[in-house]
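Here is the structure we will look at.
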Amino acid sequence: MSGGGASTRPAVLITGANRGLGLEFARQYAAAGWRVLATCRDPISATALQEIAAAWEAVSIHALDVTDGEQLARLARELGTLAIDLLILNSAWLGPQAGQRMGELDATLFERSFAANATGPVSVAEAFLPHVERSAQKKIVFLGSAAGAIGVLRPPVNLYAYRASKAALHLLARALSIDLAPRGIRVGLVNPGLADTRGLLALGPDEAPPPDLAPVLQLVRAGVIEMITAEAAVTGMIGVIDALGPATVGQFLNYDGAVIPW
């Protein structure tokens, strides 16, 4: 992900850059010399992102809710003829456990999940397609989730709305990879793994995690599942993105480059 001078540096636009993986993407690409267009719903409250923008002059922050079509179209117009080498569709919404289990499914949660996790990201890709097409690298990358990979689904099953919306995103990303290939645009689908975006790994043995994450932390501490840092997840995904080419376009790739059955 080599950068360059002010006039030659590549540009990346990242959605959901105010925290977690999006914030770490912004940090790493800024440090590598890229022009970073970091978007989030509320830039005013994005203090960590503001610190990154203050440290690197090539980082700019833009308001964007991926489910707001008018706001999306406005930002696309504001960026004019800017070439975007890499578009990272990172923003997502997990939603509460309640309403996403069989016997208590909430249709409203499904609607919100699909808007945030499937149709929203694809709308962003569509809006900035001209910007990507005029760039040198021409890459669009969606962050998928193993939770939405049918080939690895195992009991106990929960988070029905989130899983279904991510499965839909996977199909849409695959469709776009086929549709845009003749135009020289490479569409990638990457899984970040179980990344610690909430500071769980830093908690002491006597510190309680948020109630909704307590079961996950219990499994991590018991060695049943592995959780990695956001920094490690993003470093791995950037390696996958750098290597994105004809042989990997359309595949669902883990942050370590392994192919996920989906």
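Sorted fewest first by neighbouring Cβ atoms within 10 angstrom, Val234, Val122 come out as Val122, Val234.
With a simple spin-label model that places each label point 7 Å from the Cα along the Cα-to-Cβ direction, the separation between Ser45 and Ile178 comes to 4.1 nm.
Between Ile178, Val234, Ala118, the Cα set farthest toward the positive side of the dipole of the chain (charges on each charged residue's Cβ, about the Cα centre) is that of Ile178. Among beta bridges identified by DSSP and lying wholly in the chain, the antiparallel ones come to about 5 percent.
Among 25-36, 246-257, the peptide with the highest mean count of other Cβ atoms within 10 Å heads the list, and the full ranking is 25-36, 246-257.
Between rounded, prolate and oblate, where does the stretch 6-127 land on the alpha carbon gyration tensor, with a ≥ b ≥ c its root eigenvalues, rounded for a/c under 1.5, else prolate if a/b exceeds b/c? Because a/c hits 1.5 or more and a/b exceeds b/c, the stretch 6-127 counts as prolate. Rounded to the nearest 20, the Cβ-based charge dipole of the chain about its Cα centre (Lys and Arg +1, Asp and Glu -1) stands at 600 debye.
Evaluated over the Cα positions of the chain, the convex hull gives a direction-averaged projected area, one quarter of its surface, of 14.2 nm². Relative contact order of the stretch 1-141: 24 percent, from C-alpha pairs under 8 Å at least 6 residues apart in sequence.
Can you give the longest run of the chain that contains no GluC sites (Glu not before Pro) sitting in a DSSP loop with at most 13 other Cβ atoms inside 10 Å? Formally, the longest exposed-site-free interval is 105-206. Taking 0.36 nm per residue of separation and subtracting the Cα-Cα distance, full extension of the segment from Ala31 to Ala54 would add 7.0 nm. Taking label positions 7 Å along the Cα-Cβ direction at both Thr119 and Asp68, the computed distance is 1.8 nm, reported to one decimal.
Fewest-first ordering of Ser113, Ser45 by other beta carbons within 10 Å of each residue's beta carbon gives Ser45, Ser113. Under the combined filter of DSSP loop state and at most 14 neighbouring Cβ atoms within 10 Å, the stretch 132-199 retains these trypsin sites (Lys or Arg not before Pro): Arg134.
Going by neighbour counts of Cβ atoms within 10 Å, the residues Asp196, Asp179, Asp68 line up, fewest first, as Asp179, Asp68, Asp196.
Label sites at Thr229 and Arg112, each approximated as a point 7 angstrom past Cα along Cα to Cβ, lie 3.3 nm apart. Each of Gln97, Leu49, Ala11 was placed along the dipole of the chain (beta-carbon charges, centred on the mean Cα), and the one lying farthest toward the positive end is Ala11.
Relative contact order of the chain, taken over Cα pairs closer than 8 Å and 6 or more residues apart, is 17 percent.
Counting only DSSP H runs of at least 4 residues, each contributing -39500 (n - 2.57), and dividing by the residue count of the chain, the helix-based mean residue ellipticity at 222 nm comes to -10500 deg cm²/dmol.
We did not get these values from a lab; they are worked out from the coordinates using the rules stated. From a predicted model like this one, the values you see are computed outputs, not experimental measurements. With ideal geometry, Cβ positions are generated from the backbone for all residues, glycine too; neighbour counts draw on all protein chains shown.
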